[in-house]
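Just so it is clear, none of the values below were taken in a lab; they were calculated from the coordinates. What you see is a predicted model; the values in this text were computed from it and never measured. Backbone-built Cβ (ideal geometry, glycine too); neighbour counts: all protein chains shown.
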Amino acid sequence: MDLTSLDFQQARIKQVLFKSRLRSVLYGVREAEPTLFSLRDNPLAQWLDATIKPTYGLLPETRELERAISQMLEVGQALVRQYQRGQLEEARAGLEQIDDFALRIEQILQKLEQQVLRPH
């Protein structure tokens, strides 16, 4: 399967969706569903499994991306636990950590995109 920059743009959208869903939980707009923090159910992780791993699973960036997603989900879940314990401001302040993960994920996606889309 030939990947395009559109494939990577879809990955970026999935990342923004996670951040948006987490933010809405921490601001009381929605309930936290357990699937929000499941690597198996995370849209970006699913994209990684279905789109990248079959052909590029051995690249270090692929493993690095999976690790970063997993760590982001763990931190997100910890923030929701804080929120549920009534530590609303602390939990919301923790969104900065999620932004840091999002930045790291974007950097990895850029490296991966350059490698994958580079003419052979």
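Between 73, 59, 39, the GNM of the chain built on Cα springs shorter than 10 angstrom shows 59 fluctuating the most. Helix 5-26 and the long axis of the chain differ in direction by around 10°, with both axes built from C-alpha atoms.
Could you give the angle, 0 to 90 degrees to the nearest 10, between helix 95-117's Cα long axis and the longest principal axis of the Cα atoms of the chain? In the chain, helix 95-117 runs at an angle near 10 degrees to the longest axis.
Just check the range 4-54 against the gyration tensor rule for me: Cα atoms, a ≥ b ≥ c as the square roots of the eigenvalues, rounded for a/c under 1.5, and otherwise prolate or oblate depending on whether a/b exceeds b/c. It comes out oblate by the Cα gyration axes. This structure gives Rg and Dmax of the Cα atoms in Å, computed directly, and of (1) 17.4, 61; (2) 15.1, 54; (3) 12.9, 38 that value is listed as (2). Helix 60-84 and the long axis of the chain differ in direction by around 10°, with both axes built from C-alpha atoms.
Helices in the chain, meaning DSSP H runs of at least 4 residues, each add -39500 (n - 2.57). Divided by all residues, the mean residue ellipticity at 222 nm is -23000 deg cm²/dmol. Taking trypsin sites (Lys or Arg not before Pro) as candidate sites, keep only those in a DSSP loop with at most 14 other Cβ atoms within 10 Å, then name the longest stretch of the chain containing none of them. The reported range is 41-84. Given a cut-off of under 8 Å on Cα pairs at least six residues apart, what relative contact order in percent is computed for the chain? Relative contact order for the chain comes out at 32 percent.
If you build a Gaussian network model of the chain, linking Cα atoms that sit under 10 Å apart, which residue out of 51, 35, 62 swings the most? Between 51, 35, 62, it is 35 that shows the largest mean-square fluctuation. Counted residue by residue at 0.36 nm each, then reduced by the alpha carbon distance between them, the extension gain from residue 19 to residue 38 reaches 5.4 nm.
Shown is the FRET efficiency for residue 85 and residue 107, computed with R0 = 41 Å from the Cβ-Cβ distance and rounded to the nearest 0.05: 0.80.
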